[in-house]
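What follows is one structure encoded as structure tokens, with my remarks underneath.
Any read-out appearing in this document is the output of simple, stated calculations on the displayed coordinates, not a laboratory observation. This structure is a prediction, so every number in the text was calculated from the model and none was measured. Backbone-built Cβ (ideal geometry, glycine too); neighbour counts: all protein chains shown.
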Amino acid sequence: METITSAQNPKIKNLLLLQEKSRARKEQGLFVVEGRRELEHCIEAGFRVRTVFVCEEISPLRFAPVEMTGCVAPVEMTGSDTVIPSAVEESCFIRVPEALYRKIAYRDSTEGIVAEVEYRTIGLEDLKLPENPLILVLEAVEKPGNLGAVLRTADAAGADAVIVADPLTDLYNPNLIRASIGAVFTVPTVTAPTEDVIPWLKARGIQILTAQLQDSSLYYDVDMKRGTAIVMGTESTGLTQPWREAADAHIRIPMLGRLDSLNVSVSASILVYEAVRQRQIINNRY
């Protein structure tokens, strides 16, 4: 296994560049995943891991063979050791000392593992949806942390997909991956222009419910048991006119205080779990 000790090493410099620059990620077709849990979800979703930087002072590493092209299975260590995912062939691992690892780690709390992973994008036509799907649509979301939090909600609620319309943030931004704790890999997530998303939903008979204060019904009075896309805009400007006009219904969360909005991730949680509640009732799961 190769060992790198200097922050001036070209591989370390490139890793830091990928963390910091969206353009570099797109040009190289690589992004960075940090942490055992996130990397496990990434591998399970079928992403190909190019390089893994590991600090064995933090997490001792052991490999296990597996019959899977280009991958090695997670290994549960014994005693005081940690569960470490061995993500690629052993030759792709690079050992770094703890002092250097602290410089490349994006998070304060980490498990001693950072990986470079190859991009893999899917489009609207690649989504495989069940009957009566539940979809979250975010228009022009800008903050990676908000999108990451929404993805965590989508995973917890069993949503079938998240669509980011007219995105203003990179799906593989390290902040987004961190905020989603890997949900960006567990929930089918696509980006597309609004002008493509609306007809795609309409063609599949998926009702569009837009979250907005004006001309709207209380969210719990609207039927969400059929195929449904819950559409949310930015906290500052809300949804654009094309979404408002395309909507089958406008829904709102009652605001009983002096403020008139919630964080988009909080709002998404409230609305998507109402859909879960309605669907569980009809399926006799309560």
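How far apart, in nm, are two points set 7 Å out from the Cα along the Cα-to-Cβ line at Arg37 and at Ala249?
3.5 nm
Nearest 0.05, what FRET efficiency do Leu168 and Glu57 give at R0 = 45 Å with Cβ-Cβ as r?
Calculated transfer efficiency: 0.70.
Got the relative contact order for the chain handy, in percent, Cα pairs under 8 Å and 6 or more residues apart?
Values: 533 pairs, mean separation 51.0, N = 286.
Reported relative contact order: 18 percent.
Going down the list Lys11/Lys103; Lys202/Lys225; Lys143/Lys225, which pairs span over 21 Å between their C-alpha atoms? Each step should come with its number before you reach the end.
On the way: Lys11/Lys103 13 Å; Lys202/Lys225 17 Å; Lys143/Lys225 30 Å.
Pairs exceeding 21 Å: Lys143/Lys225.
Over all Cα pairs of region 131-286, how is the pair count split among 10 Å bins, expressed in % and running from 0 up to the last occupied bin?
11, 44, 37, 8, 0
Please give the Cα centre distance for region 226-286 versus region 169-201, rounded to the nearest Å.
Measuring centre to centre over Cα atoms gives 18 Å.
Expected output is a single nm value to one decimal: the length gained when fully extending between Ile270 and Glu98, i.e. 0.36 nm times separation in residues minus the C-alpha distance. What is it?
Answer, rounded to one decimal: 57.7 nm.
If I take the Cα coordinates of the chain and project them onto the principal axes, what are the three extents in Å, biggest first?
62, 40, 38
Quote the FRET efficiency, to the nearest 0.05, computed for Gln241 versus Lys11 with a Förster distance R0 of 51 Å and r equal to the Cβ-Cβ distance.
On the way: r = 48 Å, r/R0 = 0.94.
After rounding to 0.05, the efficiency reads 0.60.
Per DSSP helix of 4 or more residues, -39500 (n - 2.57); summed, then divided by the residues of the chain. What does that give at 222 nm, rounded to the nearest 500?
Numbers: 10 runs with 94 residues, N = 286.
For the chain, the value works out to -9500 deg cm²/dmol.
Assigning unit charges at the beta carbon (Lys, Arg +1; Asp, Glu -1) and nothing else, what dipole magnitude in debye, to the nearest 20, does the chain show about its Cα centre?
Details: 30 positive and 38 negative charges, 52 e Å.
Dipole size: approximately 240 debye.
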